[in-house]
1. Could you give the C-alpha radius of gyration of the chain expressed as a fraction of 2.2 N^0.38 Å, taking N as the number of residues it contains?
2. Are there DSSP H segments in the chain that both extend 24 Å or more along their axis (alpha-carbon positions) and score a mean Kyte-Doolittle hydropathy of at least 0.0? List them, or say none.
3. Compute the accessible area per residue over the stretch 1-103, keeping the other protein chains in place, probe 1.4 Å, unit Å².
4. Which distance in Å, rounded to a whole number, links the C-alpha centroids of the stretch 126-191 and the stretch 44-60?
5. State, as an integer percentage, the relative contact order of the chain based on alpha-carbon contacts under 8 Å between residues 6 or more apart.
6. For the stretch 53-135, build the charge dipole from Cβ charges (+1 Lys, Arg; -1 Asp, Glu) around the Cα centre, then report which of Ile115, Ala132, Ala56 sits farthest towards its positive end.
7. Compute the distance in nm between two label points, each set 7 Å from the Cα along the Cα-to-Cβ direction, one at His157 and one at Asn81.
8. Checking the table Lys99/Lys145; Lys65/Lys99; Lys65/Lys95; Lys39/Lys113; Lys39/Lys65; Lys95/Lys169 against a 20 Å threshold on Cα-Cα, which pairs fail?
Amino acid sequence: MNNQYKEVEVPVLPADGLLLRPISEKDIAALFNLFSSEKVTRFMDIERFINVSEAAQLVAFFREKLLSGEGMRWGIYQQDNDTLIGTCGLHHINKTHYKAEMGYDLLPAFWGKGIMTTALHRLLQYAFEDLALNRIEAVVDPANKLSLRLLERLGFHQEGLLRQAFFQKGHFVDAYMFSLLSSDYNYELHY
């Protein structure tokens, strides 16, 4: 992979009442609050946080991935409030093949309000227009019904079931592979 992202910073992206912006050390307490929720981490490949130092390590991890060109992560904020309520981003960025994988999480108090739909529309616009990616993938546990519905609303296509694709939290987990191509994305519907 080339090092095109070496000097790149995570840009601030306004999104209809939300602000996607870089995550920093000032977000550590909010990140701990987010990832210490069993509801948030239930379908993730990480255990829920039990120590605030884990949130500090996560900020450093996001920075490493940015510097290596492998990922970009945004904090999700309401425009009138500077407290992080979720994150979203791109990982496994592969410029050779013009693709990346999308990940996201949100505090349960904000579920069902259209916040993640709005945030991910803005992320997808940035990925397709500014990064010139062609394919965005999402890998989802079949039991994560809310995430499955979100991806369908965003126009993603389910491509197949990856049987026992991951070993997490003591057992093998199946995963659905979803994708959205730049040619699938309807820019007029979103911005």
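The values are calculated or read from the model by the stated rules, or taken from the named source; none is laboratory data. Every value quoted in this text rests on a predicted model; they were computed, and no experiment measured them. All Cβ positions, even for glycine, are placed from backbone atoms using ideal geometry, and neighbour counts span all protein chains on display. Remember, those area values only see protein heavy atoms, side chains included, never the ligands or the DNA or RNA. Shrake-Rupley method; radii C 1.70, N 1.55, O 1.52, S 1.80 Å.
1. Numbers: Rg = 15.9 Å, N = 191, 2.2 N^0.38 = 16.2 Å.
Ratio of Rg to 2.2 N^0.38 Å for the chain: 0.98.
2. Qualifying helices, which must be both long enough and hydrophobic enough, are 52-68.
3. It amounts to 53 Å² per residue over the stretch 1-103.
4. 24 Å
5. 18 percent
6. It is Ala132.
7. Distance between label points: 3.8 nm.
8. As for pairs spanning more than 20 Å Cα to Cα, those are Lys99/Lys145; Lys39/Lys65; Lys95/Lys169.
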